[in-house]
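*Asks:* Okay, handing you the structure first.
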Amino acid sequence: MPIIYDKKKRVFHLYNKDISYLIYISLDSRLIHLHFGAHLKDYDLDTMIYHTTNYYTHFDGEKEHISSLYDFNYETSLMELASFNKGDYRSCSIKIKNHNGDETTDFTYVSHKIYKGKQKLEGLPCLKASEDDVTTLEIKLIDKAINVVVILQYNILTNYPVITRSMKVINQAEDEIILKKAYSATLDLKTSDYNLYYLSGRYGKERNVCKEKIMQGCKVLSSIEGKSSHNTSPFIALASLDACEDYGEVYSCNFIYSGNFEIKVEVDKCEFTRVLVGINPETFEYVLEKNQSFQTPEVILLYTNKGIGEMSRIYHKVINNHLISSNFLNMKRPVLLNSWEGCYFDFDTDKILKIIDEAHQLGIEMFVLDDGWFAKRNDDNSSLGDWYVNNEKVDLNKVEKRLRQYNMKFGLWFEPEMISYNSSLYKNHKDYAIKCENRDYTLMRHQMVLDMSRQDVCDNIYKQMSDIIDKYHIDYIKWDHNRSITEAYSKHLDSKHMGEFYHRFMLGTYSILERLNNDYPSLFIESCCGGGGRYDAGMLYYSPQIWTSDETDAIERLSIQEGTSFCFPCSSMGSHVSANQRTSYKTKAYVALQGTFGYELDPLKLDDETKALIKKQIKTYHEFYDLTHYGDLYYLIRPSNNAHQASWMFVSQDKKRALFTYVVTLKNKSMLTYIKLKGLKENKYYYCKEKDKTYYGKFLMEVGLDLTFDYIYSYDSIMLSFIEK
Ligand code: DGJ
């Protein structure tokens, strides 16, 4: 078993060939974090414990707490679950308000269970793996003073340097308790010698990579918008100061949750680092009556000593193999045409049929009718929540018939969590919309948010959606979400339970997605959130693809896609060629080919030359599909490090094929353009079709590919393929 408990040493050892995670039970039963990092066959327990406890002494009641063994100290021990109000002055992992107002928490070990496999978290997205692929450790702790139990859940994957963590809180006391903080994971590290990598953005400029040295104090990345947000992502990496793309230690957390989250990185007076990941306590309070429990969402913890690039590749594999539904992993993604940028709200049956005819000619395999097909929706002023076809505008029977005639797939846009002020749903069910009593409500894009914490609201929306899916045999749904929550409040929750609203909202959204996944196993869902405002591992569990950004300009997309691919697979990144003017169709396609390829334009407006080019691009997509969807991604030049150029390549798992892309954003001052490739076999030869030339693998990686005489200037690009000879 990859998890052992050494009774004599009082140590749990979770391990696989790459990593070890060590937890020690102190003599008075506190759970101490000893190590997360490279695999250790053996370890010196005394050193590990002593080093963090020898400076400070605390007292537990009458008894001096630190015995001659020095094995625990509230103030400086590295913890698996940090207590509150007992002398650990760093941020705590769990805070509970007891019936008498006491908020202290102090948990001690009771028992543990180790088993093969992993349990599904009820109602929440989480990693899935067979009994051979994952082993679980559950540690039961109790705070005896309040009779509350915590089960810390650890899962170690067999084939990846990844551990997932979550926790369950059970109230065994007679009186109710209020859970005020319940982070899913606490990761204590012995130093602060790390650079913090995180993703920062806004609408249209999502997930740009940021890097800064951590210093004493707290850095908090969070959302209170009801979604993970455009502004940052529930992801961080802490990389050793010498770490770079290809080597060095990296610790990373990727939270499998789409609602309000908080990731707190705190450096204390001893230069220890504490990382907390979980539901944002700012907008959370959960009441537990006797025998009720609360399950936190799951966090992926990753460790590698092979640098940032390897971190990304590990995430890509873990997310593809253990998070995304296996129904879609091997399903070839059809090349799609989305109507949004080509038509916006301005279409009718005739126009759509003509677009489909043209799309078919170009080789497009799926047509997605975006916003505007339902109720009275001719602009963004109305109709969200009224999911019936606007038959006067568009005849979906005819649309479906035409698509089937060409053997094309049919995709449709929904925005299930929203309600327009101007809608029949609002007229009939004003209480479905989120708003506070006696307070003005806020409209954003003229719309309100539905109270997804209510079962009746979820049922109503599911029924409307499934009627449409059934009637038109929909193959694909674009699930949009175009505003944040304000005036959070539910008529169905009393004041005592109002703090549960945001989490219950998320559970409601997940429940509809889960029902769709179960009832329509081949229905492909691409989630979207005003572009990429909810791109997280939680949504990827239900929707294998996410619209990366409403910014479709290829040059702008370079940094957005770089940041997204930092911790999510390229095969999940919705990426389209659009009609915007700045770049050539060549560059647009090369950039879109980094993600799931498609078009977002009016094909009736294209000239013959562009149409011929698009036909070629679609052939290229098919030719290199295996590489771009299942290959390893290597960044050669990251846009976050270089304002002039970007370059990446995909290498097949057997290293026999590679696809290289280079894009220039600003002319380089250097006279020569050599780019060193990565991931190839050193001692093999590779043939490059486009250059009709053979290169030695090590030469390409050590000296580089010479593009000097390809004369690539601003906004221009090149894509080259390599095959082992
Ligand atoms: C926002 C999305 O990001 C766009 O792609 C498009 O679907 C619009 N919403 C439609 O209203």
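*Asks:* Relative to the compact-globule scaling 2.2 N^0.38 Å, provide the ratio for the alpha-carbon radius of gyration of the chain.
*Replies:* Working: Rg = 26.7 Å, N = 725, 2.2 N^0.38 = 26.9 Å.
The chain yields a ratio of 0.99.
*Asks:* Here is a follow-up. Under a crude label model (7 Å from the Cα following the beta-carbon direction), how far is Met444 from Tyr388 in nanometres?
*Replies:* So the label points at Met444 and Tyr388 sit 3.0 nm apart.
*Asks:* If you don't mind, another one. Residues with beta-carbon under 9 Å from that of Lys655, excluding Lys655: net charge, scoring Lys, Arg +1 and Asp, Glu -1? Could you put the intermediate results ahead of the total?
*Replies:* Values: positive: Lys656, Arg657, Lys681, Lys684; negative: Asp632, Asp654, Glu724.
Taking every other residue near Lys655 into account, the sum is +1.
*Asks:* Can you list the lysines whose alpha carbon is less than 23 Å from that of Lys471, not counting same-chain residues fewer than 8 positions off?
*Replies:* Counting by Cα, and skipping residues close in sequence, Lys471 has these lysines nearby: Lys351, Lys354, Lys376, Lys393, Lys398, Lys401, Lys409, Lys463.
*Asks:* Using +1 at the Cβ of each Lys and Arg and -1 at the Cβ of each Asp and Glu in the chain, identify which of Tyr154, Ser484, Pro297 lies farthest towards the dipole's positive end.
*Replies:* Ranked along the dipole, the leading option is Tyr154.
*Asks:* May I pose another question? Around Gly204, which amide H atoms from residues at least 5 apart in sequence, or from another chain, sit under 5 Å from its own amide H, with H modelled in the peptide plane?
*Replies:* Gly532, Asp550, Glu551
*Asks:* Hey, another quick one. If you put +1 on each Lys and Arg Cβ and -1 on each Asp and Glu Cβ, how big is the dipole of the chain around its Cα centre, in Debye rounded to 20?
*Replies:* Working: 89 positive and 99 negative charges, 320 e Å.
Approximately 1540 debye in magnitude.
*Asks:* What nm value, rounded to one decimal, do you get for the distance between Lys491 and Tyr344 when each label is placed 7 Å out toward the C-beta?
*Replies:* In this crude label model, Lys491 to Tyr344 measures out at 3.5 nm.
*Asks:* In whole percent, what relative contact order does the chain give with Cα contacts below 8 Å and a gap of six or more residues? List each step's numbers first, then the result.
*Replies:* Values: 1769 pairs, mean separation 71.8, N = 725.
Averaging sequence separation for qualifying contacts and normalising by length gives 10 percent for the chain.
*Asks:* Can you tally the net charge around Asn305? Count Lys and Arg as +1, Asp and Glu as -1, for every other residue whose Cβ sits under 12 Å from the Cβ of Asn305.
*Replies:* Working: positive: Lys306; negative: Asp18, Asp242, Asp246, Glu249, Glu310.
Combined, the nearby Lys, Arg, Asp and Glu give -4.
*Asks:* Next question, about the same structure. Given axes a ≥ b ≥ c from the Cα gyration tensor, I'd like to know whether the range 380-443 is rounded (a/c under 1.5), prolate (a/b larger than b/c) or oblate. Intermediate results must be reported in sequence, preceding the final value.
*Replies:* On the way: a/c = 4.05, a/b = 2.96, b/c = 1.37.
Here the range 380-443 falls in the prolate category.
*Asks:* Tell me which residues come under 5 Å, amide H to amide H, from Leu636 once H is placed; ignore anything under 5 positions away on its chain.
*Replies:* Distant-sequence amide H within range of Leu636: Ser647, Trp648, Met649.
*Asks:* Ordering Arg333, Arg404 by how much accessible area each has at a 1.4 Å probe, largest first, what is the list?
*Replies:* Working: Arg333 15, Arg404 90 Å².
Highest to lowest solvent-accessible surface, that is Arg404, Arg333.
*Asks:* For each pair in Lys681/Lys725; Lys95/Lys491; Lys211/Lys478, compute the distance between the two Cα atoms and list the pairs where it is over 23 Å. Intermediate results must be reported in sequence, preceding the final value.
*Replies:* Details: Lys681/Lys725 11 Å; Lys95/Lys491 27 Å; Lys211/Lys478 33 Å.
Going by Cα-Cα distance, Lys95/Lys491; Lys211/Lys478 fall outside the 23 Å limit.
*Asks:* Could you name the aspartates and glutamates whose alpha carbon sits less than 15 Å from that of Lys9, not counting residues in the same chain fewer than 8 places away?
*Replies:* Partners within reach: Asp28, Asp42, Asp44, Asp46, Asp71.
*Asks:* Note down the net charge around Arg207, summing +1 for each Lys or Arg and -1 for each Asp or Glu among other residues with Cβ under 15 Å from its Cβ. Don't skip to the answer; put the middle values down first.
*Replies:* Working: positive: Arg202, Lys205, Lys211, Lys227, Arg534, Arg557, Arg638; negative: Glu206, Asp536, Asp550, Glu551, Glu556, Glu562.
Cβ neighbours under 15 Å give a net charge of +1.
*Asks:* Which loop chymotrypsin sites (Phe, Trp or Tyr not before Pro) in the range 294-363, with loop taken from DSSP, have no more than 16 other Cβ atoms within 10 angstrom of their Cβ? Each step should come with its number before you reach the end.
*Replies:* Working: sites: Phe294, Tyr303, Tyr315, Phe328, Trp340, Tyr344, Phe345, Phe347; in loops: Tyr344, Phe345, Phe347.
Here the sparse-neighbourhood loop sites are Tyr344, Phe345.
*Asks:* Then there's this: Pull up the cross-link candidates among the lysines for Lys128, meaning alpha carbon to alpha carbon under 17 Å and not fewer than 8 places away within one chain.
*Replies:* Once the sequence-local lysines are set aside, what remains near Lys128 is Lys116, Lys118, Lys120, Lys317.
*Asks:* Follow-up. What's the FRET efficiency of Lys113 with Lys8 using the Cβ-Cβ distance as r and R₀ = 22 Å, to the nearest 0.05?
*Replies:* Numbers: r = 20 Å, r/R0 = 0.90.
About 0.65, to the nearest 0.05.
*Asks:* Relative to the Cα centre, what is the charge dipole magnitude of the range 537-647, using +1 at the beta carbon of each Lys and Arg, -1 at the beta carbon of each Asp and Glu, and rounding to the nearest 20 debye? Each step should come with its number before you reach the end.
*Replies:* Details: 10 positive and 13 negative charges, 39 e Å.
My answer is approximately 180 debye.
*Asks:* Let me ask you something else. On C-alpha positions alone, give me the angle between the axis of helix 554-567 and the longest principal axis of the chain, in degrees, nearest 10.
*Replies:* 30 degrees
The values are calculated or read from the model by the stated rules, or taken from the named source; none is laboratory data. Being a predicted model, the structure only gives us computed values, none of them experimental. Note that we place each Cβ from the backbone using ideal geometry, even for glycine, and neighbour counts take in every protein chain shown. Note: areas computed on protein heavy atoms with side chains; ligands, DNA, RNA excluded. Shrake-Rupley method; radii C 1.70, N 1.55, O 1.52, S 1.80 Å.
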